[in-house]
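Chemist: Okay, handing you the structure first.
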Amino acid sequence: MRAFGLVGLIIALGVGFYLYNRSASTGPGGTAPQARIDATAIRQRLLTIGQAERQYLATHGSYATLEQLSQDELLPGGAEQRGYTFTAVATGNEHFTITATPTDANKTGWPTLEITERMEVIER
């Protein structure tokens, strides 16, 4: 009888360890912790670039390309970060869209993030 109790305990511990190990490697939503960390850093970077766009608009009367932001020293760190490449589309003083696309081969399937003049980061 004790043997069945011991076997049951070992099985329960094994299942618990398996579930813990699986949740630690993927986390909530099925994403890896490094993906969540990088996506958070990219979101912050997009917000920083969005603020730079607003500053450029206030001083120049229009939104800027990433090259223009860089020339005005409003884009420290360049147009790449954490395996993502940033691109910008600016339409005069009305609209801008900054897109962060994963370009690192190890980030296949990671989200593409965008920010517009509304300062809302969208994940695709």
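The values are calculated or read from the model by the stated rules, or taken from the named source; none is laboratory data. Keep in mind that what you see is a predicted model, and the values were worked out from it rather than measured. Every residue, glycine among them, receives a Cβ derived from its backbone with ideal geometry; neighbour counts consider all protein chains shown. Ligands, DNA and RNA are stripped out before the accessible areas are found, and what is left, the full protein with its side chains, is counted by its heavy atoms. Shrake-Rupley method; radii C 1.70, N 1.55, O 1.52, S 1.80 Å.
Chemist: Give me the accessible area of THR48, 1.4 Å probe, in Å² rounded to the nearest 10.
Modeler: Near enough 60 Å² of accessible area.
Chemist: Something else now. Would you please give the FRET efficiency between GLU123 and SER70, computed as 1/(1 + (r/R0)^6) with r the Cβ-Cβ distance and R0 = 25 Å, to the nearest 0.05?
Modeler: Calculated transfer efficiency: 0.50.
Chemist: Given the whole protein assembly as supplied and a 1.4 Å probe, what does the accessible area of THR97 come to in Å², nearest 10?
Modeler: Number for this one is 40 Å².
Chemist: For GLN81, project a label point 7 Å along Cα to C-beta. Then give me every residue of segment 44-58 with its amide nitrogen under 17 Å of that point.
Modeler: Under cut-off, by backbone N: 44-56.
Chemist: In terms of the Cα gyration tensor, with a ≥ b ≥ c the square roots of its eigenvalues, is segment 73-119 rounded because a/c is under 1.5, prolate because a/b exceeds b/c, or oblate?
Modeler: Values: a/c = 3.05, a/b = 1.66, b/c = 1.83.
It comes out oblate by the Cα gyration axes.
Chemist: Counting only residues 5 or more places away or on other chains, whose amide H sits under 5 Å from the amide H of THR112 once H atoms are built in the peptide plane?
Modeler: For THR112, whose amide H was placed from the backbone, the distant partners under 5 Å are ARG124.
Chemist: Next question, about the same structure. Let's test the formula: R0 of 22 Å, r as the Cβ-Cβ distance of THR91 and GLN44. What FRET efficiency results, to the nearest 0.05?
Modeler: According to the calculation, E is roughly 0.35.
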